[in-house]
1. Among the candidates A:L87, A:L104, A:L55, which residue alone is crowded, with 23+ Cβ neighbours inside 10 Å and either part of a helix (DSSP H, G or I) or at pLDDT below 95 (or both)?
2. Is there a residue in region E:32-55 that is at the interface with chain C (Cβ under 9 Å from one of its Cβ atoms) and more than 22 Å from C:A28 (Cα to Cα)?
3. Run down D:F91, D:F85 and say which single residue is within 14 Å of chain B (Cβ to nearest Cβ), closer than 30 Å to B:T41 by Cβ and either surrounded by 16 or more Cβ atoms within 10 Å (Cβ to Cβ) or within 16 Å of ligand 2 (Cβ to nearest atom) (or both).
4. Name every residue in region A:167-191 that is without any contact (Cβ under 8 Å) to a residue 60 or more places away in the chain and within 17 Å of A:N98 (Cβ to Cβ), in order of residue number.
5. Pick out the one residue from B:S197, B:S168, B:S202 that is among the polar types (S, T, N, Q), surrounded by 18 or more Cβ atoms within 10 Å (Cβ to Cβ) and more than 27 Å from A:M186 (Cα to Cα).
6. Scan the helices (runs of 4 or more DSSP H) fully inside region D:162-239 and keep the ones with 1 or more residues being more than 16 Å from ligand 3 (Cβ to nearest atom) and under 21 Å from B:Q139 (Cβ atoms).
7. Checking the condition within 8 Å of ligand 2 (Cβ to nearest atom), without any contact (Cβ under 8 Å) to a residue 40 or more places away in the chain and farther than 25 Å from B:V170 by Cβ, which residue from D:D15, D:D26 passes?
Amino acid sequence: MSIFISQLFNGLSLGSIMLLIALGLAITFGLMNVINMAHGELIMVGAYATYVMQLIFSKYLPENLFNYYYFIAIPISFLVASFIGYLLEKGIIRFLYNRPTDSLLATWGISLILQQIARSIFGAPNVAVVAPAWMDGGWQIFGITLPYKRLLILSLSIVCIALLYYYLNKTSTGLRIRAVTMNRNMASCLGIFTRKIDSLGFALGAGLAGIAGCSLTLLGPIGPTIGTYYIVDAFMVVILGGIGGLKGTIIGAFGIGMLSTVVEYSFGATMAKVIVFAVIILFLQWKPLGIFSYRTRALD
Amino acid sequence: MLKISSLKAGYDETMVLNNVHLEVEKGKVVSILGRNGAGKTTLIKTIVGLLKPMDGTIYWNDQEITHELPERRAKKGIGYVPQGREIFSSLTVEENLILGFEAVSKKIEKTLVLEEIFELFPVLKEMLKRKGGDLSGGQQQQLAIARALAGQPELLLLDEPMEGIQPSIVEQIQEVIVKIASKKGIGVVLVEHSIDSAFACSDEYYILDKRTVVSKGVVKNTNIEDIQQYLVV
Amino acid sequence: MRRKQMIYLLFFLILLLAPFYLTEFRLALLGKFLCYAIIAVGICLIWGYTGILSLGHGVYFGIGAYCMAMYLKLEASKGALPDFMEWNGVQELPWFWKPFFNPFFSIMAAIFIPAMLAAVLGMLTFKNRIKGVYFSLLSQAVVVVVVTLLIAKQDLTGGTNGLTNFSTVFGFSLSSPIVQIVLYAITVFALFAIFMLSVWITKSRLGHVLIAIRDGENRLRFLGFDPAVFKVFIYSLSASFAGIAGALFVLQVGLISPSMMDIIPSIEMVLWVAIGGRHSLFGAIIGAILTNGAKSFFSETYPDVWLFCLGILFILIVVFFPKGIAGLFEAFPKRIAKFFEKGVKKGESDSVVS
Amino acid sequence: MNPILSCHDIIVDFDGFKALQGVNLDVHHGEIRFLIGPNGAGKTTLLDVICGKTKAADGKVMFQGVDLTKRREHEIVRHGIARKFQNPSVFTELTVFENMELSIKQNRNLFSVMKAKLTADEKDEITAMLERTDLLDRAYDPAGLLSHGQKQWLEIGMQLLQKPEVLLLDEPIAGMTGAEREKTGLFIQEIAEKCAVLIVEHDMDFVRNFAEQVTVMHEGKILCEGSMEEVQQNELVAEVYLGREAKVC
Amino acid sequence: SALEEKESSDGQNSEQNETDVVKVGILHSLSGTMAISEVSLKDAELMAIEEINNSGGLLGKKIEPVIEDGASDWPTFAEKAKKLLQQDKVATIFGGWTSASRKAMLPVVEQNKGLLWYPVQYEGMESSPNIFYTGATTNQQIVPAVSWLLNNKGKKFFLIGSDYVFPRTANSIIKAQLKAEGGEVVVEEYTPLGHTDYSTVINKMKKVKPDVVFNTLNGDSNVAFFKQLKDAGITSKDVTVMSVSIAEEEIRGIGGEVLAGHLAVWNYFQTTDIPENKAFVEKYKEAYGEERVTDDPIEAAYIAVHLWAEAVKKAGSFEVEKVKEAAKGIEYKAPGGTVKIEGENQHLWKTVRIGEIQPDGQFKEIWNSGEPVKPDPYLKSYSWAEKLSKNNE
Ligand SMILES: Nc1ncnc2c1ncn2[C@@H]1O[C@H](COP(=O)(O)OP(=O)(O)OP(=O)(O)O)[C@@H](O)[C@H]1O
Ligand SMILES: Nc1ncnc2c1ncn2[C@@H]1O[C@H](COP(=O)(O)OP(=O)(O)OP(=O)(O)O)[C@@H](O)[C@H]1O
Ligand SMILES: NC(N)=O
Ligand SMILES: [Mg+2]
Ligand SMILES: [Mg+2]
């Protein structure tokens, strides 16, 4: 029984991680139609930003503040990653709207470069992020331990999705983002500053990747190539959910999280990976546009 | 308020328009006629800024806007109903209309404007929550016009706005065009394929052919037969 | 037209004469690149012409290579169990290894197994109208599945190490320079044949159907064509090209492992074509050779920063020369002048019209 | 005479919205049938059902005794039903000529297409069609470079080359000038000698000039049927659709 | 050209005698996932080369390193090895980390009659005449660690490894050994390379309560595994994790306090207390920075260069055959203790050490084998391993 509950929690936790890593992609890819292969590297940027914050706090600030560095690291990693996203948009991505396959290839190049830059700055080996002491351990309940870090990530992902949902669907900027990504020319003819909105949208997606990176420092490695571990999963979540909406992304993320944990418990991690991907492939045969999708009447 | 001189425009290597002069005054409806492929849409796109002119100048209220971005032009009061409607297909009708307000910089009573629009196009009110892309062809066309009107333009560019709209509403639209032009002092550029419906509501006409304006004049003083020749295939 | 054919002919002639002017090492490199060029031709057919972006061609390449490698491994083991099976505790040769004692079966398998797998996958996905980005990402998922399985079943497949350490082919030593030159020549001929076949396809009515699929496959339905059938065909064909490339690769490089089928190599394959020019078969060949040449050159000359160079090269070409090298030759001077004028608007002109 | 195409009780349901609510329609060989009705009446949806693009929730489409309801799009086309869409849809990256080449009546399975060569007859046929659609001088331009109206013509030409038994046209003259409309109308009349034509159109002049039979749809149902004169008399038609126009004539 | 080169490719190394430098190849992954580990090996090898050059070179020649990037990609290793041997005509290559990269280079060095020094612990079952193995083979790392654990920690083993060759082979050895020596494997789990979620594995661990976790995870996964293990409230007091791929360098990327109390088995620690090591650590830090650490593979890479140099001096020649012959039996005072080249299989005699990880990221040695252990890549001297190695030789 306790195994069941803790596996349930693990599924939720994995789902929330999936959601965080996919959320930014749901914007840059789902909405803006940029097949952003550098998404993983933006996650990496967020992770390194957290690492740097930790260094600053441990080296230059009073020791008692160290406990709170993580709360500063979250917005900082968002800002750093979105700034880099902003630069990328200004310099490269803006030439690639309406050319999805080209965006895939160019962002692939970007990811190579970002990895190499990280390697030059931080060195090839992994770096360690030390979590504040209060994050160690977990909440004892039903005879199981729910690690604080996982609870934190779970809440972080819920907060992110709520804010993002509100921003995209209830604010006028959100509406502008959706309009511009759908039909850039017409949006500009209506008086929307499309270039600004483009940059904003991409920076937002990148920033969310940064937050994902920040949260991953609690659980996993931080090195120049960590982006490659998450990129495929992130894409799978988005396409499984259906491009263009957040609802699908949420269900996709938790679906994959749950399925992985269930399968992994009985068949091992390797087979879990194979089975989960196979299930996704088969599921898409049935619903080619993902769980939630919108079909237009137009021919293409 | 709109003045175009010596305009040269086209796509990549192909020049479609050459040496086009055009003027639109406040409160006047100007229709543009021409055979298929004469360059009517090209001209409109150049005015809204989607196409960069190869040469020539565009003045808006005595200010040069030849190289301005479409969004700036929209903010300055140029509204546009494209050929092919260009509805945001996965946004709802309501959201499409709200986007129409983007061009408006001053404070306005949005509900009032919407009421006015719904009077014209009652279907839209019924379908506020439906996705734009699910509407029928004619409904989309109505939405496109409504969206442009929501932006309170000073100049309205209509690229074949009657296409696909049922006769009773076509009449209404023609009336509206006349009305907004005269009452609100809005300039209208109307691209039309049919001389009859164009002449039914416009003050002046231009005919495009062979890359340029081959005939222009005041509708009242013109005999349709005289210009029919330019439109025969 | 004439001129083009002359260029093709000259190009293949230069390739054929390479053993006379390249060192053994460089020749081996070129041989490897030509295998890549074969893949590139196939990708150009499905991507450039038909609009199917496969990010999973590494799988077909790998399967072709494994088919050949199994034969070579069995020959190198001289009747005993392959070494990796022994130390993985396998007692008896698995059934599916047995046919690979026969070299002709192996060659046929290298061509047809990739094609069959592609056909099955295509049948499913194309009939269900999965297309565009969905298909691309799905093909990536297939890569993950295949590679993970290959690694997990290391007692049967050699795992991450893959299959290597071969000795002979048809009884001839693989390390002998003469054999290497013969293999190189075979590769040139294979490339030539595959290229000619592809050119013929693109010039025929079939080629027009493919372009129509890229343009708008739904429209094609209303002309009475079933796009799925054509897509399955061309996708399988291109998979079998990749399989052939894999077989030739193993013969020349002497190694195949799952890492060569993974997502990264699969994306690189597409990049070769993008760089060469996605709408040009010949461009694809040039792209494969030049990109890999550049990769080897940069990494030899600047082992520390070569990734920068390569990354920047990719980006520049993809962003500013979407027609790749082939496009450059078509209109080099014009593009440069025009680019600065147009900037953002490039490629957008079509969306308002449609 | 038996109808060549008949629809029985077609119902289409978009997540609860009944776009078609039991439509019955017969089309006979050699007939030009106009389908008119207010925006959103369901005309396009009906054409979509006939050509297989939209699946009906209920009802049957019969074509020369064959039930088309479950067939896929390309099979329906091969039976002889051609469709022109409301927005012009041609292959923008193929030349005008190649667009037509793909459209000629031919065996469209994989192997026939692989072997296919352009015969002299086919070439003549295409050239004739290019001439009739006024596209001869643009034959070797990519279709993407044509204007809206030119694309419309090209698409009509393409549909005709298929030699269909039934031709479905959705607002074929949208965006055409007066003279062009006239020409298209005559063209359609000529076509109708060999096949049945079902046209959706909002231009009443055009309908009056070329209609034999008019069917009026409203809110997903057939409102009335008859010649243009008869239809015009109908009060409801005038009210929901024609507006003042009805009185003019 | 390739046609003419037929004969010359055999005697390639001889012509170097005419110049005053001798080229050696350095072939590690400087990019890609493996760069994390391999970059330091390159540094160590360059340091050793500089030492030799500073002390007058070899046979009157300066050593000139030719650095190539294997890019974490096995065919690239094969290509670059070929390039080094055929184009640059290097006297030897130092390179590789993963077994897959070694397997890729093996036929190349054998066919070109070159020489490769491979500096990482590995799964054994191999001894190529053209490769010298300076890392541990299984009987110098895994086998003694298992025995020690059985004696000191308990019998219930939980095996966790990355899904690739080294862990799978290592685990099959461990299983055979446990069977013979009275231990028990309760769970054997593999996770794909790059796996980052260990919650399910940890759950299983909680359920079966093993005495020992034997960890053969690959670099990056270790970070996730240990962080999540700690979060789940499992410390070294609850269960000991014995790792074979975590050295000081890896610990830096995880954090010492996360790992504190867990064990690892190697032949060398930065803290190994012998004079040679003090000097080595000092020099390394001086060259590459105070914050850098040394570890077992770094040491093995470093001594590989020196061992080759010793062999060359003894042979009086750079020729591969002569160097190989001369190398047999060479003894060298390495930072990790005295090593000796075993002529029979070209592996090293090495001292086995088990260390406990301290919060500062260093090891405290808690056991060593005292004597250097004879390398036995095919485990021929262990009766329980008969099945595992029956085929070999
Ligand atoms: N995107 C484009 N690229 C290149 N040429 C184009 C493009 N769009 C249109 N053209 C060409 O420009 C010319 C004018 O087209 P335009 O669309 O302006 O005509 P139009 O007068 O609006 O015709 P219609 O009445 O059919 O809408 C046509 O010959 C067409 O072939
Ligand atoms: N996918 C859909 N989801 C919801 N409603 C839809 C969908 N498709 C069509 N509709 C609705 O069905 C009705 C019929 O549409 P249809 O396009 O058939 O009308 P139409 O008669 O062709 O109109 P028009 O003359 O304006 O082209 C419209 O009210 C439209 O909004
Ligand atoms: N040899 C190893 N550790 O892969
Ligand atoms: Mg037009
Ligand atoms: Mg319609």
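1. Checking each option against the conditions leaves just A:L104.
2. Within region E:32-55 (the criterion being at the interface with chain C (Cβ under 9 Å from one of its Cβ atoms) and more than 22 Å from C:A28 (Cα to Cα)), the answer is yes, since at least one residue qualifies.
3. Criteria check complete, one pass: D:F85.
4. Residues satisfying the conditions are A:A179, A:V180, A:M182, A:N183, A:N185, A:M186, A:A187, A:S188, A:C189.
5. B:S168
6. The helices (runs of 4 or more DSSP H) meeting that bar are D:204-210.
7. Only one candidate qualifies: D:D15.
For (1) of a type outside the set (A, V, I, L, M, F, W, C); (2) away from ligand 5 (no atom under 13 Å from the Cβ); (3) under 30 Å from C:V209 (Cα atoms), each residue gets a yes or a no:
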site: D:F17; (1), (2), (3): no, yes, no
site: D:E31; (1), (2), (3): yes, yes, no
site: D:V61; (1), (2), (3): no, yes, yes
site: D:R72; (1), (2), (3): yes, yes, yes
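The values are calculated or read from the model by the stated rules, or taken from the named source; none is laboratory data. Quick caveat: nothing in here was measured; it's all calculated off a predicted structure. A quick note on method: Cβ atoms are made from the backbone with ideal geometry, for glycine too, and the neighbour counts reach across all protein chains shown.
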